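One structure below.
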Amino acid sequence: MIRLHLDKSKNEALSILCLGAHSDDIEIGCGGTILRLIEQYPACKFHWVVFSAIGVRKTEAQRGAESFAGSRLERLLLKDFRDGFMPYVGSDVKAVFEELKQTVSPDLILTHNRRDGHQDHRLLSEMTWNTFRNHFILEYEIPKYDGDLGQPSVFMPLEPEVCQTKVRHLLDAFESQRNKSWFEESTFQSLMRLRGMECNSPSGFAEAFYCRKLVL
Ligand SMILES: [Zn+2]
């Protein structure tokens, strides 16, 4: 299968906006892709927004963003919306998006999946599309109790070393989540292995996304 590449040269600053409802969403959904993009586009810059980052989870969100984006982190915005309640304060969430629109026009946006089982995730996905009307948007996936995984359409093959780095950063940065039975290496590796199979990844591993609009 022919591979598509982002329309930027190695030395051009690819601008990427990462949007996550909770402090580990971006890293779980597309941490490997972020590491891979940095390899491929060393001049890239990340704008990173977490909508619910409170207390220890704020510290962890900062650690996560710095672990994955490192020196390419142009802007880190940590908001304090209550976990699970975002649809009920939608106008306040929308105001954050409107402010973002004034300050960044990214080449690529990584956000939640429109059909995600979590209400906060769905709201952010909907607002991403409502706010950024002429942008390239990829929706990442988060494995969860609700069993909402679907059939993604875009794949990022990942080397095993990148997958291992992703998992190591996740376990190191989000210590408060390690008491959850699913927050462990096998969950993250299993999903990347399945998505790797689906896209015939040479390494056997990949992350996957939903793409609703693409201009060639
Ligand atoms: Zn979440």
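Laboratory data are not the source of any read-out in this text; all were calculated from the coordinates shown. Here the structure is a predicted model, which is why all the values come from computation and not from measurement. As a convention, Cβ positions derive from the backbone with ideal geometry for all residues, glycine included, and neighbour counts pool all protein chains shown.
Quick look at the values:
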{"read-out": "Relative contact order [Cα under 8 Å, 6+ residues apart], the range 15-210, whole percent", "value": "25 percent"}
{"read-out": "Centre separation in Å (Cα based) which lies between the range 100-128 and the range 161-207", "value": "22 Å"}
{"read-out": "Positive-end extreme of charge dipole, the range 15-210 - chosen from HIS135, CYS44, GLN164 (charges on Cβ)", "value": "HIS135"}
{"read-out": "Neighbour net charge for TYR140 - beta-carbon separation under 9 angstrom, K R +1, D E -1", "value": "-4"}
{"read-out": "Reference-scaled alpha-carbon Rg (2.2 N^0.38 Å with N residues) for the chain", "value": "0.94"}
{"read-out": "Antiparallel %, DSSP beta bridges [both residues in the range 15-210], to 5", "value": "30 percent"}
{"read-out": "Surrounding net charge for THR33, when Lys and Arg each add one and Asp and Glu each subtract one, Cβ distance under 13 Å", "value": "-3"}
{"read-out": "Cβ-defined net charge surrounding SER52, 11 Å radius [Lys, Arg +1; Asp, Glu -1]", "value": "-1"}
{"read-out": "Dipole magnitude of the range 15-210 about its Cα centre (Cβ charges: Lys, Arg +1; Asp, Glu -1), debye to nearest 20", "value": "220 debye"}
{"read-out": "With at most 13 other Cβ atoms within 10 Å, longest stretch of the chain clear of loop trypsin sites (Lys or Arg not before Pro) (DSSP)", "value": "11-81"}
{"read-out": "Shape category assigned to the range 1-84 from the gyration tensor of Cα positions, a/c cut at 1.5", "value": "prolate"}
{"read-out": "Equivalent ellipsoid, the range 89-216 (semi-axes from 5 times Cα gyration tensor eigenvalues, Å)", "value": "27, 19, 14"}
